[in-house]
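The structure appears below as structure tokens.
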Amino acid sequence: MQAHLKALKDSKYCPLWHDPAVMPETLPAISADEECELLVVGGGFTGLWAALQVKEREPETDIILIEKTFVGDGASGRCGGFLDSSLAHGETNTDHHFPGEAERLYELGQQNMAELIATFERYNIDARYEKVGSTEVATNEAGVADLHDQYEQEKAAGDDVIWFDQQGMQQQVNSPTYLAGLWRRDGLDGVVDPGRVCWGLKKVLLKLGVRIYENTPLQDIATLGSNKMQASANGHTIKSAKVLMATNAYKNPIDKVNKPTIPVWDYQIATEPLTDEQLASIGWGESRFALGNHANMFHYYRMTKDNRITWGGGGAVSYYFNKGTGQNHADIPERYEQLSKEFFETFPQLAGVKFSHRWGGIIATSTRFCMVPGSAYNGRVAWSVGYTGLGVGASRFGARIGIELLGYQPTDILDMQFVKKKPMPWAPEPFRWLGVRLTQQALIKADKNNGKRGWWLKLLDKLNLGFTC
């Protein structure tokens, strides 16, 4: 058996973050008709943050939160836990979609991150937060040049950035594939344990009086008179004045929520805890950088508190025909085998290490490559979806927009293009699948060709559609 396959042999299919020692008990499903002021649909980051922010703004609000399976079972409990302050996925994307709002969105992103960290401290949520910034590594010469240009621009703008040449980067993290690196260490960016964030927020909400029903899938939603909504779930009805949809990539009964997003499957593996000798061989234990390689189909990887490496992304990222979200896409051996092979190409000195966990999860990618807020039914229903890989931090801000659209102490952020501008819908099938597949193959080819982009990617770049999550 090949070494990369042997390393996966005894892994279990389960997110590393779903540790039975810290996961709270699953709460009962709804068992009777209910009424409330605010119904939150979805027990991931957006739904949890929305309920908490409403309680903080208007403590007497009667809130029910329903979740199809259990809190943290979706993308929020299956991500890499990378905490990034960006709200619109970088300056280029921001300038194209929201001209003139880059500075405001940057400030709001910094404010959101500071408030998020303060929330952990205020409620004693053990998120296992580490303020390590983000570090991007170049693995080809084109990447070196591009990253160095970014370094020069960011340094000139006053950002706290550190440049590593090949020797310097390999002293920080020892991989023979690294040619250079850029460490962005300003702000509060870093890593968290996403499962512990979900469980911590759940515990806080219960203390604040939010009623949470798990194993309670939403079946339908409709108007009830001129000022009420009625949701159907588990054969029961929930009447409410307002509804916050926090379904992200999963199908929503309101079509306006679904059209601008598609579900993209991402896969991850996690090593067993590294020994002191293994840590020394890669030299990563000191800096504990949150890493990603400078590529179109990039990998993202980080250290955990118990010195495991989680590894995801790359060419294993997949879109399945007709927005497939079924569990038949979750545990596909080839995806994990590819990740394992690429892991050992990056860290050959870790030959012999085993992977303890493997798992898949869904990213909601929007046509504008960042969150999409919206409302319907005369402002009685709102949503924020489509975080395109940056939802760990941005979901709190998305939740803020959602509750403000519902009238909970709205601010002038609702006047921004970021909120008011309508996104393009994705093309229908089979054109959607063909377009995504063609783009992914072109991105992979460009990565193999020292970053050189072919005609298809150049066309997408002109349309500002050449970005990848």
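Here are a few things to note about the model shown:
- Pairs where the first residue, in the range 99-121, is on the phi > 0 side of the Ramachandran plot and the second is at pLDDT 95 or above, C-beta under 9 Å, 6+ apart: GLY100/GLN417
- Among the residues making up the range 159-174, a single one is crowded, with 22+ Cβ neighbours inside 10 Å and part of a loop (DSSP other than H, G, I, E, B): VAL173.
- Considering (1) modelled with pLDDT under 95; (2) farther than 29 Å from TYR267 by Cα; (3) surrounded by 14 or more Cβ atoms within 10 Å (Cβ to Cβ); (4) of a type outside the set (A, V, I, L, M), the lone condition that LYS422 does not fulfil carries the number (3).
- Hits in the range 300-331 - residues which are under 24 Å from GLY435 (Cβ atoms), part of a strand (DSSP E or B) and in contact with a helix residue (DSSP H, G or I) (Cβ under 8 Å, 6 or more places away or on another chain): GLY312, SER318
- Filter result for the condition that a residue is hydrophobic (A, V, I, L, M, F, W, C), modelled with pLDDT of 95 or more and under 23 Å from ASP186 (Cα atoms), over ALA290, ALA295: ALA290
- Reported count of residues in the range 298-320, each being of a type in the set (A, V, I, L, M, F, W, C) and either under 16 Å from the mean Cα position of the chain (by Cα) or modelled with pLDDT under 95 (or both), is 4.
- Some residue of the range 258-268 being touching a Leu at 6+ places or on another chain (Cβ under 9 Å), on the phi < 0 side of the Ramachandran plot, outside the structural domain of LEU406 (by TED's automatic domain parsing) and not aromatic (Phe, Trp, Tyr): yes
- Just one of (1) modelled with pLDDT of 95 or more; (2) assigned to a loop (DSSP other than H, G, I, E, B); (3) β-branched (Val, Ile, Thr) fails for VAL22. It is (1).
Yes or no, residue by residue, for (1) closer than 28 Å to GLN409 by Cβ; (2) at pLDDT below 95; (3) surrounded by fewer than 20 Cβ atoms within 10 Å (Cβ to Cβ):
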residue	(1), (2), (3)
GLY42	yes, no, no
LEU48	yes, no, no
ARG57	yes, no, yes
SER76	yes, no, no
GLY80	no, no, no
HIS89	yes, yes, no
HIS96	no, yes, yes
GLU107	yes, no, yes
ALA114	yes, no, yes
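- Restricting attention to the range 381-414, the residues that are buried (at least 23 other Cβ atoms within 10 Å of the Cβ) and polar (S, T, N, Q) total 3.
- On inspection, ARG380 qualifies as basic (Lys, Arg), modelled with pLDDT of 95 or more, in the same structural domain as THR247 (by TED's automatic domain parsing) and touching a strand residue (DSSP E or B) at 6+ places or on another chain (Cβ under 9 Å).
- Check on LEU244, assigned by TED's automatic domain parsing to the domain that holds SER11, touching a residue at least 40 places away in the same chain (Cβ under 8 Å) and either crowded, with 21+ Cβ neighbours inside 10 Å or not in a strand (DSSP E or B) (or both): no
- Taking the range 39-85 as the range and being part of a loop (DSSP other than H, G, I, E, B), under 16 Å from ASN215 (Cα atoms) and of a type in the set (Val, Ile, Thr) as the test, the residues that pass are THR69, VAL71.
The values are calculated or read from the model by the stated rules, or taken from the named source; none is laboratory data. Only a predicted model underlies this, so the values are computations on that prediction, with no experimental measurement involved. FYI the Cβ positions are ideal-geometry reconstructions off the backbone, even for glycines, and counts take in every protein chain you see.
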